[in-house]
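Asks: The structure's right below; bear with me while I get my questions together.
The values are calculated or read from the model by the stated rules, or taken from the named source; none is laboratory data. Worth saying up front: this structure is predicted, and the values here are computed from it rather than measured. So basically every Cβ, Gly included, is an ideal-geometry build from the backbone, and we count neighbours across all protein chains shown.
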Amino acid sequence: MPPLEKSIPNESTENQILEIKGLKTQFDVFRFMKRITESYGARAFMVVNMPGPTSLTLSAHSVITNWPAELITHFDREGLLSSSPILKRLRESFIPTQYDLEEVNLVRGNTVSTDLFAPYRLLRGAYFPVHDSTGMRGAVSLAGDGAPFTHQQMMELSYLAIHVYERLGQIRSMTTRTVETLTERELDCITWTAAGKTSAEIAEILGLSEHTVNHYLNRAAKKLDSVNRTQAVATAFRLGLIC
């Protein structure tokens with residue numbers, strides 16, 4: 001398949017901003033970001049809160065993403081967050097940045113990034129530093145295997161990223177009441193998931209069936225307004241449910 005060309009979105013940026021302001025849940029934002037990602041010829045997106053200097057896992061800071069779950073798991077197992085040149089750049093500058101895995105490999109001195117991301121065709125992309133009204137810092141990223149974004153597209157995406165992150169912050173402030181709604185078993189399952197355990201392993205630890213564990217995880221994800229267990233774990237970290 002030839003490299004993806006960046007298409008010009010059918011909707012105006014102004015209309016997209018109005019749409020963002022009307023989004024009610026994280027899942028609404030997820031669907032919006034998925035559509036924007038595709039319209040700009042990219043394959044995957046991620047919205048993250050800025051990891052601290054001692055943070056070791058990307059999954060704990062991901063707010064919404066359509067990265068394959070196995071990719072995030074492998075990324076964390078390889079311990080790539082702490083040595084990420086992209087993260088270093090994000091901490092030092094608020095300027096939107098495009099990247100290519102060949103450049104990342106040169107900085108790392110190995111090909112681990114290409115080995116990990118190439119099967120998913122996430123070879124290059126862009127990161128947009130953002131912050132919300134509370135001062136929380138983060139970033140929005142788009143990745144794929146097409147040509148670099150144009151200057152105009154970088155400006156459009158940067159503007160959209162600011163509004164998406166701000167809206168997610170507003171949604172988060174409206175949903176903190178979910179802290180009181182998780183049951184003890186749901187918290188147990190989320191905690192063990194955060195520790196890297198599979199449903200089968202959690203079932204053995206808690207003396208439950210795998211089906212029951214999946215039921216608890218699905219229910220917890222729904223209560224936390226998350227589209228999958230990875231995002232449920234990230235939300236639980238952010239709300240202080242687990243640490």
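Asks: Among the listed residues ALA221, ALA194, ALA203, ALA232, identify the single one that is of a type outside the set (S, T, N, Q), buried (at least 18 other Cβ atoms within 10 Å of the Cβ) and more than 23 Å from the chain's Cα centre (by Cα).
Replies: After ruling out the rest, the residue left standing is ALA203.
Asks: If only one of GLY138, GLY146 is under 26 Å from ASP28 (Cβ atoms) and either touching a strand residue (DSSP E or B) at 6+ places or on another chain (Cβ under 9 Å) or at pLDDT 90 or above (or both), which one is it?
Replies: Of GLY138, GLY146, the one residue that is under 26 Å from ASP28 (Cβ atoms) and either touching a strand residue (DSSP E or B) at 6+ places or on another chain (Cβ under 9 Å) or at pLDDT 90 or above (or both) is GLY138.
Asks: Taking the stated definitions as given, is LEU168 surrounded by 15 or more Cβ atoms within 10 Å (Cβ to Cβ), under 20 Å from the mean Cα position of the chain (by Cα) and in a loop (DSSP other than H, G, I, E, B)?
Replies: no
Asks: Only residues that are of a type in the set (S, T, N, Q) and touching a residue at least 12 places away in the same chain (Cβ under 8 Å): list them for the range 184-210, please.
Replies: Those that are of a type in the set (S, T, N, Q) and touching a residue at least 12 places away in the same chain (Cβ under 8 Å): THR191, THR193, SER199.
Asks: Which residue, of LEU224, LEU206, LEU217, is in contact with a Lys or Arg (Cβ under 6 Å, 6 or more places away or on another chain), hydrophobic (A, V, I, L, M, F, W, C) and not assigned by TED's automatic domain parsing to the domain that holds VAL130?
Replies: One residue alone meets the criteria, LEU217.
Asks: Give me the helices (runs of 4 or more DSSP H) completely within the range 59-162, filtered to those with at least 1 residues that are polar (S, T, N, Q) and under 14 Å from the mean Cα position of the chain (by Cα), ordered by residue number.
Replies: Per the criteria, 69-77.
Asks: Next up: In the range 188-199, is there at least one residue being touching a Phe, Trp or Tyr at 6+ places or on another chain (Cβ under 6 Å) and either modelled with pLDDT under 90 or farther than 17 Å from ILE242 by Cα (or both)?
Replies: No, because not a single residue in the range 188-199 is touching a Phe, Trp or Tyr at 6+ places or on another chain (Cβ under 6 Å) and either modelled with pLDDT under 90 or farther than 17 Å from ILE242 by Cα (or both).
Asks: Given the structure, is ARG229 basic (Lys, Arg), farther than 15 Å from PHE30 by Cα and in contact (Cβ under 8 Å) with a residue 24 or more places away in the chain?
Replies: For ARG229, the condition - basic (Lys, Arg), farther than 15 Å from PHE30 by Cα and in contact (Cβ under 8 Å) with a residue 24 or more places away in the chain - is not met.
Asks: Looking at the range 96-112, can you tell me whether even one residue there is on the phi > 0 side of the Ramachandran plot and surrounded by fewer than 18 Cβ atoms within 10 Å (Cβ to Cβ)?
Replies: yes
Asks: So for the range 122-133 (the condition being in contact with a Gly (Cβ under 6 Å, 6 or more places away or on another chain), closer than 25 Å to LEU224 by Cβ, at pLDDT below 85 and surrounded by fewer than 21 Cβ atoms within 10 Å (Cβ to Cβ)), does at least one residue qualify?
Replies: Taking every residue of the range 122-133 in turn, at least one turns out to be in contact with a Gly (Cβ under 6 Å, 6 or more places away or on another chain), closer than 25 Å to LEU224 by Cβ, at pLDDT below 85 and surrounded by fewer than 21 Cβ atoms within 10 Å (Cβ to Cβ).
Asks: Can you pull out the residues in the range 89-105 that are small (Gly, Ala, Ser) and closer than 15 Å to PHE45 by Cα?
Replies: The answer is none; no residue qualifies.
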